[in-house]
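Everything below concerns the one structure shown next.
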Amino acid sequence: MLFIALSTIVVFSTARGDQASDASQAWTRLPGILAGFTETKFPHHDFSITKYGAIADGKTDCTEAFRNAIEACNTAGGGRVIVPAGTYLTGAIHLKSNVNLHLEKDAIVRFSTNTESYLPVVFARYEGTEVMNYSPLIYAFEQTNIAITGDGTLDGQGKFWHAWRSSNDPAKLVATAASGVPREQRNFGDGHHRLRPNFVVPFRCQNVLIEGIRIEDSPMWVLNPVYCTNVIIRNVTVDTTGPNTDGCDPDSCSNVLIKDDSFSDGDDCIAIKSGRDRDGQKINIPCQNIIIQNCEFKAGHGGVGIGSETSGGIQNVFAENCHFDSPDLAMAIRLKTNPARGGYIKDVYVRDCTVKLAQIGISMTLKYGSSGAIDGDAIPVIRNIDIRNCTFGELTSRPIFIQGWSASSPITDVTIANCDFKKAAGDSLVTNAVRIAMPDTRGSGLKQPTL
């Protein structure tokens, strides 16, 4: 049955026409958004890293070979930097405009565990807070027309970095930013603190393509475009374990296509972000026009996730034809934020997805990480969420979990239409929510109250 907490306000709606019409109108915008994407194009010039001194023995440091090949390619007007078959050890790789880093079949790029290989520090975001930190393993700053493609593998050797996990240093960064310390003085690399680098970070870039490659054993977040426009992530396999190893985190980006990818992660598979707490509120750049199509989600905290860093706002998210299947997938569709974050999650549209096995089908909360305690004064908004024509197979916990902040700060305007929940171990729970409509939704753990 659908359990309603007696101490909170929950208002259900039986209206069907308006929600269906609004969702249909929203989906008609999708072709126009997709038409606005620009595919990357590169001159037909190849620059093999072996011609710049790279040795495929997995032991020789090839950092300079990568750097010199990328520099030569960029200077020549662009092309492909080729990584032939073999295993290449390297430190940080910094991409430049008009360069396509192309991994041929059986090529493995293995990243060094020597922390000095990721210095000097670079401008980055760590969990939504701006910082000067160790370089991401692959980084690009204010570049245009860049790509990582091919049939090879990127190996982050993340288990080395996982030992750095600490709740203290991230909290210090958030506190430092909140106290007004300028970004340039927030040096958390080079021995100052132990913040793990993210794997692939195009930062303030335009026209980015990541396609075909396999990425494994990440130190932290895997694919993390920040302040970018026009990003395509296609046919990529992410297979990693460990703390905070989110698969794909677009952060304050516009126009991102995540298509035909496979994710198995130690945290959220996809988590759409827009900055954290006061630092994110000050920067105030939304994440918008995010399209997720035909993706596969295995292990992870969430499949299609949004948050918890929502300070700049997140809107116009479209997810369709995705597949979810793992006993280690905590939530198929996951929206999360809290009163420290602020911002909003709105205009989210999900359709035609299949969840074979997961723990919870749909989860939305304004109390993420707060345990019910007030931990901020910027209560965010979750509204206008439409999920329809989805099938949920076996759910080992609840079908639906919706948790607003309070009666005066509820989650509003959620439609779950024509969805089938076939088997669920427990009941749905909805608290502090207004205008929750479930037309033609049926199955285990659901019993809509009589109005």
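The values are calculated or read from the model by the stated rules, or taken from the named source; none is laboratory data. All values reported here derive from a predicted model rather than from experimental measurement. For neighbour counting, all protein chains shown are included, and Cβ atoms are generated from backbone atoms with ideal geometry for every residue, glycine included.
Quick rundown of the values:
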{"quantity": "Residues of segment 393-412 satisfying the condition of being among the hydrophobic types (A, V, I, L, M, F, W, C) and more than 28 Å from the chain's Cα centre (by Cα)", "calculated": "Ala407"}
{"quantity": "Enumeration of residues in segment 141-183 that are in a helix (DSSP H, G or I) and within 21 Å of Thr87 (Cβ to Cβ)", "calculated": "Gly158, Lys159, Phe160, Trp161"}
{"quantity": "Test: residue in segment 63-79 that is in contact with an Asp or Glu (Cβ under 9 Å, 6 or more places away or on another chain), at pLDDT 95 or above and among the hydrophobic types (A, V, I, L, M, F, W, C)", "calculated": "yes"}
{"quantity": "Conditions (1) in contact with a strand residue (DSSP E or B) (Cβ under 8 Å, 6 or more places away or on another chain); (2) among the hydroxyl-bearing types (Ser, Thr, Tyr); (3) surrounded by 24 or more Cβ atoms within 10 Å (Cβ to Cβ); (4) closer than 22 Å to Asp217 by Cβ: number failed by Ser252", "calculated": "(4)"}
{"quantity": "Subset of segment 43-80 [of a type in the set (D, E, K, R), in contact with a Lys or Arg (Cβ under 9 Å, 6 or more places away or on another chain) and either buried (at least 20 other Cβ atoms within 10 Å of the Cβ) or part of a helix (DSSP H, G or I) (or both)]", "calculated": "Glu71"}
{"quantity": "Verdict on Ala437 being among the small types (Gly, Ala, Ser) and in contact with a His (Cβ under 6 Å, 6 or more places away or on another chain)", "calculated": "no"}
{"quantity": "Residue in segment 227-248 that is farther than 22 Å from Asp155 by Cβ, crowded, with 19+ Cβ neighbours inside 10 Å, among the small types (Gly, Ala, Ser) and in contact with a Ser or Thr (Cβ under 8 Å, 6 or more places away or on another chain) present", "calculated": "no"}
{"quantity": "Test: Thr40 is buried (at least 18 other Cβ atoms within 10 Å of the Cβ), modelled with pLDDT of 95 or more and in a loop (DSSP other than H, G, I, E, B)", "calculated": "yes"}
{"quantity": "Single residue of segment 260-307 satisfying the filter (surrounded by fewer than 24 Cβ atoms within 10 Å (Cβ to Cβ) and among the small types (Gly, Ala, Ser)) that is nearest to Ser218 (Cα to Cα)", "calculated": "Gly266"}
{"quantity": "Strands (runs of 3 or more DSSP E) contained entirely in segment 84-140, each with at least 2 residues that are of a type in the set (Asp, Glu), over 30 Å from Ala175 (Cβ atoms) and at pLDDT 95 or above", "calculated": "none"}
{"quantity": "Within segment 413-437, considering residues that are within 28 Å of the chain's Cα centre (by Cα) and more than 16 Å from Gln403 (Cα to Cα), the one surrounded by the fewest Cβ atoms within 10 Å (Cβ to Cβ)", "calculated": "Asp420"}
{"quantity": "Number of positions in segment 390-410 that are hydrophobic (A, V, I, L, M, F, W, C) and either assigned to a loop (DSSP other than H, G, I, E, B) or in contact with a His (Cβ under 6 Å, 6 or more places away or on another chain) (or both)", "calculated": "3"}
{"quantity": "Identity of the residue in segment 266-293, charged (D, E, K, R) and under 11 Å from the mean Cα position of the chain (by Cα), that ends up nearest to Val381 (Cα to Cα)", "calculated": "Lys273"}
{"quantity": "Residue within segment 125-138 that is aromatic (Phe, Trp, Tyr), closer than 18 Å to Val208 by Cβ and within 22 Å of the chain's Cα centre (by Cα) present", "calculated": "no"}
{"quantity": "Residue satisfying all of: in segment 205-226; over 13 Å from Leu154 (Cβ atoms) and aliphatic (A, V, I, L, M); surrounded by the fewest Cβ atoms within 10 Å (Cβ to Cβ) among these", "calculated": "Leu209"}
{"quantity": "Number of positions in segment 297-320 that are out of contact with any helix residue (DSSP H, G or I) (no Cβ under 7 Å at 6 or more places or on another chain) and at negative phi", "calculated": "16"}
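Residue by residue, here is whether (1) over 17 Å from Ile416 (Cβ atoms); (2) free of Cβ contacts under 8 Å to residues at least 24 places away in the same chain; (3) within 17 Å of the chain's Cα centre (by Cα) holds:
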| position | (1), (2), (3) |
| --- | --- |
| Asp325 | yes, no, no |
| Lys336 | yes, no, yes |
| Lys346 | no, no, yes |
| Val350 | no, no, yes |
| Tyr368 | yes, no, yes |
| Cys390 | no, no, no |
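Let's see how each residue does on (1) of a type in the set (Val, Ile, Thr); (2) surrounded by fewer than 24 Cβ atoms within 10 Å (Cβ to Cβ); (3) modelled with pLDDT of 95 or more:
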| residue | (1), (2), (3) |
| --- | --- |
| Phe318 | no, yes, yes |
| Leu329 | no, no, yes |
| Tyr344 | no, yes, yes |
| Asp347 | no, yes, yes |
| Arg351 | no, yes, yes |
| Thr354 | yes, yes, yes |
| Gly369 | no, yes, no |
| Glu394 | no, yes, yes |
| Arg398 | no, yes, yes |
